[in-house]
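Since the structure comes first, as structure tokens, the remarks are kept for the end.
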Amino acid sequence: MCWAGLEQLVDDQDTMCSEVWSAVCTPQKKLPRSGGTEDGVDLKVLGFLLCWEKQQLYLHWYHKVFSPYIHLSSISVMVLLSWPVAFYLIHLEGEALQVAIGVPFFLILLCLYVVPFGTYSPCLQEKEKLAPKPTFFGHRGAPMLGPENTIMSFEKAVEYGAHGLESDVRISFDGVPFLMHDYDLTRTTNIKEVLPNASSRHPSLFQWSFLTTLNAGKWFSDAWIKPFFRMKPLSEADKERARNQKIAKLTDLLAIAQKEKKLVIFDLESPPSKHPSRLSYIHLVVRVILDSKIEQHLIAWLPGSEREYIKSKAPGFQHVGTFYTLEELAEENITRINVDYKRLYYNGLREYKAANISINLYIVNEPWLFSLVWCHSIQSVTTDNIEVLNGMTHPYYFMTPNFYLFLWIFMDILSAVFIVSIFHFHWWRESQSEKILQGITSYTEASSASLQNEVLEIMGTPAPFPEREREPASSKAVIPEVVNETTAPTMHPTNDVGQPVPTEPAFEPIQPPISVT
């Protein structure tokens with residue numbers, strides 16, 4: 001039960017992963033396990049895994065539509081990265097580091113240059129081959145414009161061009177088919193205000209007389225959190241209209257479809273155990289449809305049970321399958337399938353198209369995803385966002401093969417020129433830096449030598465460089481000149497005032513004694 005509840009929250013796609021996380025983390029919203037106990041940790045893990053699975057599937061579809069643009073953008077990124085790569089390759093001294101940086105860069109660049117040879121995108125095709133725009137089934141009406149599964153919601157869907165109307169049918173305890181998606185009435189009605197103790201009870205366990213008293217629109221108009229992230233603000237008139245919405249019966253939906261000539265498709269699940277109509281609910285719904293006098297071809301019958309009975313009672317119904325094999329579809333004479341877009345690629349899209357099986361995908365809300373569906377020649381989609389998708393006149397991100405080829409070659413050549421120029425610029429700047437450094441070094445050495453020579457000359461020491469030219473040796477001996485020096489007499493300083501200051505006698509050479517003969 002826990003897994004089924006979480007899977008329903010995620011697969012519906014009108015609930016974002018943040019809401020799923022809130023559901024598994026908030027005590028009031030915990031889902032009971034099969035044993036009757038609650039384990040918050042297990043629920044959080046399950047919710048996380050389901051959300052992660054959804055994101056992985058989203059990435060798969062993102063790749064399908066955006067691969068040409070990712071390729072062209074990646075080349076631009078490589079051009080930007082070439083600047084730091086070239087800088088480091090020029091300045092790194094170790095060859096190992098240069099190889100470790102340069103080789104991966106150029107390998108990735110080479111792969112990007114040739115990756116279009118293996119690229120496939122359905123939005124790369126000629127305009128003449130583009131299929132007609134898919135038609136729309138309003139998912140529970142137009143739940144971005146009015147409270148889901150109410151008359152207002154279905155009328156809004158018709159207003160914005162829905163080809164069909166989708167809903168979920170429950171059977172009240174007294175046998176009245178009505179429209180409700182959830183397994184309780186808490187989210188889309190005011191049952192907590194009216195009967196709080198029974199708010200978690202299955203909707204099919206209430207009498208229709210009680211269900212018709214509940215308000216099914218205040219949650220939508222007065223909510224401080226928008227039911228949808230991209231939901232536009234409501235006008236005051238729409239807010240007032242939404243506040244007065246009640247739970248709708250199946251006959252209300254059939255009346256709108258009959259009046260506007262719209263297809264009707266709905267999910268129908270068996271009531272809970274001990275319900276009076278548990279074994280006869282299909283017969284009950286068929287009888288209500290036939291009594292409404294709606295044209296039978298407007299009913300797209302989705303439930304898989306008792307198809308033979310349906311064919312006998314209502315031969316005009318259009319039978320819709322799910323992921324049946326081609327043999328099963330042929331055996332049941334089914335020519336239309338209603339499938340989850342996230343699982344279509346893994347279950348034979350090409351085989352269904354080759355067998356001329358019409359495909360309806362649910363739930364497609366984003367314009368880029370609708371564009372991909374359009375390019376895939378899908379016939380119809382079920383959507384919450386009918387206002388936006390109906391306004392699209394052509395698929396987004398559509399490109400002809402010749403134009404993509406031109407962009408591919410142009411980007412390859414332009415990027416190669418830029419990258420070569422960037423590497424050449426870094427090499428040139430580095431060589432210029434080396435020349436300037438060499439000039440500065442030479443000038444510094446010359447200046448140092450000149451300064452050293454000047455210092456040595458001042459000190460009277462012969463400079464070691466430049467080397468003096470040696471004079472040629474003369475054959476004549478150098479005879480020093482005799483210098484006659486006259487010793488000046490020693491002047492005795494006098495004192496102008498007193499006696500002369502005595503001084504030591506000047507040194508006189510001692511004459512050898514003269515002998516007398």
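Couplings 3J(HN,Hα) of the range 360-370, computed from phi: 10, 9, 10, 9, 9, 10, 7, x, 5, 6, 4 Hz, in residue order, whole Hz [Karplus 6.51 cos²θ - 1.76 cosθ + 1.60, θ = phi - 60°; x for Gly and Pro]. Using θ = phi - 60° in the Karplus curve 6.51 cos²θ - 1.76 cosθ + 1.60, the 3J(HN,Hα) couplings for the range 256-262 round to 5, 5, 5, 5, 9, 6, 10 Hz; x is entered for Gly and Pro.
Taking only alpha carbon atoms, the range 258-322 gives an Rg to Rh ratio of 0.97, where Rh is the Kirkwood radius. Extent along the principal axes, Cα only, for the range 176-281: 44, 41, 25 Å, with the longest axis given first.
Look at where the Cα atoms of the range 64-89 and of the range 340-390 average out, and the two centres are 32 Å apart. Hydrodynamic analysis of the range 135-390 uses the Kirkwood radius over alpha carbon pairs. Inserted into Stokes-Einstein at 37 °C and 0.692 mPa s, it gives a translational diffusion coefficient of 173 µm²/s.
Proximity of backbone amide H atoms, modeled 1.01 Å from N, is registered between residue 266 and 167, 302 at under 5 Å, excluding neighbours fewer than 5 places apart on the same chain. Taking only C-alpha pairs under 8 Å that are 6+ residues apart, what is the relative contact order of the range 135-390 in percent? 20 percent. Proximity of backbone amide H atoms, modeled 1.01 Å from N, is registered between residue 377 and 131 at under 5 Å, excluding neighbours fewer than 5 places apart on the same chain.
Between residue 114 and residue 416, the distance separating the two model label sites (each 7 Å from Cα on the Cα→Cβ line) works out to 1.3 nm.
The tail of the calculated P(r) for the range 299-343 beyond 18 Å holds 24 percent of all Cα-Cα pairs.
The HN-Hα couplings worked out from phi for the range 103-119 by the Karplus form 6.51 cos²θ - 1.76 cosθ + 1.60 (θ = phi - 60°) are 4, x, 4, 6, 5, 4, 4, 5, 4, 5, 5, 10, 4, x, 4, x, 8 Hz, whole numbers, x standing for Gly and Pro. For the range 86-130, the Kirkwood hydrodynamic radius comes to 13.5 Å, computed from all pairs of different C-alpha atoms. The chymotrypsin sites (Phe, Trp or Tyr not before Pro) of the range 111-206 meeting both criteria, a DSSP state outside H, G, I, E and B (loop) and at most 10 other C-beta atoms within 10 angstrom of the site's C-beta, are 120. With K and R counted +1 and D and E -1, the other residues having a Cβ less than 12 Å from that of residue 319 yield a net charge of -2. The range 193-214 and the range 261-328 have Cα centres lying 26 Å from one another.
For the range 338-384, the relative contact order comes to 42 percent (Cα pairs under 8 Å, sequence separation of at least 6). Projected onto planes of every orientation and averaged, the convex hull of the alpha-carbon atoms in the range 287-426 covers 13.3 nm².
For the range 184-229, the list of trypsin sites (Lys or Arg not before Pro) that fall in a loop by DSSP and count at most 16 other C-beta atoms within 10 angstrom reads 187, 201. Applying Stokes-Einstein at 25 °C and 0.890 mPa s to the Kirkwood radius of the range 227-274, computed over alpha-carbon pairs, gives a translational diffusion coefficient of 172 µm² s⁻¹.
Charge tally around residue 399: other residues with Cβ under 11 Å, Lys/Arg +1 each, Asp/Glu -1 each, net 0.
The numbers here are math on the coordinates, done by the rules we state, and not lab data. Keep in mind it's a predicted model, so treat the numbers as computed, not measured. Glycine also receives a Cβ, built like all others from the backbone with ideal geometry; neighbour counts cover every protein chain displayed.
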